[in-house]
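Q: Shown below is the structure under consideration.
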């Protein structure tokens, strides 16, 4: 798996030493956090799906989720993050296996995921969208519409929310096409190999903006699909680290710095502050 390091301007030990002085005792007492401070970075799992996450040609990782995580870990005395690109379906197994310290990738909260990982409070919220040919020739408004059209196919990330929603709406497995990344999904719609490609609204809008193709159209939000929020996902057993992350996240939200980080990407800080991890994990 290819890894990308986000390098700080100051030496890891120096930054950690300076910031650690200001850390609350509860955070300092966490062995996992101390381990991350000692190594000078946290390993984060991401997807290359703007605006949630993005990897530039030079390997620099950005996007709303990593940018929030980077700032919070710096506040916790961990100056760098090292990011690994992962498919959504492999993120939780990788976290559980210890290949990552945290997932910061737009991994939406669902009860089954909440049972497997320790989520932070909400960071990014979004709805679902469909990318189709201009004029929406098959008239899709929902995943159910795709299911009813026996010739229709829809592309979605493997192991992601969109794949699950399509299957739950009755789209047969052989008409749900697993697509490795956004550019592939867009090209497949352009070439007519799939009738629709599904991702969150912000991700689809980013794709179509970059494609600048007048023959494409976005259908959003997908009717009947819920609005989701993600959070940073930690391994079960690392709740003390998650709690320390939450303390700093709450400070960012209160100070307004949170909004300054995520709103340029098109996300709403108010949406993330309007709900809680407890409510989202209990939602059916």
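The values are calculated or read from the model by the stated rules, or taken from the named source; none is laboratory data. Computed from a prediction, not measured in an experiment: that's the story for all the values here. Neighbour counts run over all protein chains shown; Cβ positions are idealised from the backbone, glycine included.
Q: Please verify whether the stretch 10-25 includes one or more residues that are buried (at least 21 other Cβ atoms within 10 Å of the Cβ) and either in the same structural domain as residue 157 (by TED's automatic domain parsing) or at pLDDT 85 or above (or both).
A: no
Q: Restricting the search to the stretch 216-231, which residues are touching a strand residue (DSSP E or B) at 6+ places or on another chain (Cβ under 6 Å), more than 20 Å from residue 149 (Cα to Cα) and in a loop (DSSP other than H, G, I, E, B)?
A: 231
Q: Just one of the numbered conditions (1) surrounded by fewer than 19 Cβ atoms within 10 Å (Cβ to Cβ); (2) modelled with pLDDT under 90 is not true of residue 48; which one?
A: In the conditions (1) surrounded by fewer than 19 Cβ atoms within 10 Å (Cβ to Cβ); (2) modelled with pLDDT under 90, residue 48 misses (1) alone.
Q: Out of all the residues in the stretch 116-132, is one or more in contact (Cβ under 8 Å) with a residue 12 or more places away in the chain and more than 21 Å from the chain's Cα centre (by Cα)? So that I can check it myself, show each step before the final result.
A: To start, the set of residues in the stretch 116-132 that are in contact (Cβ under 8 Å) with a residue 12 or more places away in the chain comprises 116-132.
Now restrict to residues that are more than 21 Å from the chain's Cα centre (by Cα): 132.
Taking every residue of the stretch 116-132 in turn, at least one turns out to be in contact (Cβ under 8 Å) with a residue 12 or more places away in the chain and more than 21 Å from the chain's Cα centre (by Cα).
Q: On the basis of being more than 16 Å from residue 249 (Cα to Cα), modelled with pLDDT under 95, not in a loop (DSSP other than H, G, I, E, B) and not assigned by TED's automatic domain parsing to the domain that holds residue 143, does residue 59 make the cut? Give the derivation first.
A: Working: more than 16 Å from residue 249 (Cα to Cα): yes; modelled with pLDDT under 95: yes; not in a loop (DSSP other than H, G, I, E, B): no; not assigned by TED's automatic domain parsing to the domain that holds residue 143: yes.
So residue 59 does not fit the description; no.
Q: So, one more: Has the stretch 65-82 got any residue that is under 11 Å from the mean Cα position of the chain (by Cα) and within 27 Å of residue 204 (Cα to Cα)?
A: Filtering the stretch 65-82 for residues under 11 Å from the mean Cα position of the chain (by Cα) gives 65-66.
Then drop every residue that is not within 27 Å of residue 204 (Cα to Cα), which leaves 65-66.
Checked against the condition, which is being under 11 Å from the mean Cα position of the chain (by Cα) and within 27 Å of residue 204 (Cα to Cα), the stretch 65-82 yields at least one hit.
Q: Within the stretch 51-65, which residues are in contact with a strand residue (DSSP E or B) (Cβ under 8 Å, 6 or more places away or on another chain) and surrounded by fewer than 24 Cβ atoms within 10 Å (Cβ to Cβ)?
A: Taking the stretch 51-65 as the starting set, the residues that turn out to be in contact with a strand residue (DSSP E or B) (Cβ under 8 Å, 6 or more places away or on another chain) are 52-56, 59-63, 65.
54, 55, 56, 59, 60, 62, listed by residue number.
Q: Failed condition for residue 174, given (1) closer than 21 Å to residue 67 by Cβ; (2) free of Cβ contacts under 8 Å to residues at least 60 places away in the same chain; (3) more than 17 Å from the chain's Cα centre (by Cα), with all others met?
A: (1)
Q: Which of the following residues is part of a loop (DSSP other than H, G, I, E, B) and either at positive phi or not assigned by TED's automatic domain parsing to the domain that holds residue 37 (or both): 213, 206? Lay out the reasoning, then the answer.
A: Details: 206 fails: part of a loop (DSSP other than H, G, I, E, B).
Just a single option satisfies the conditions, and that option is 213.
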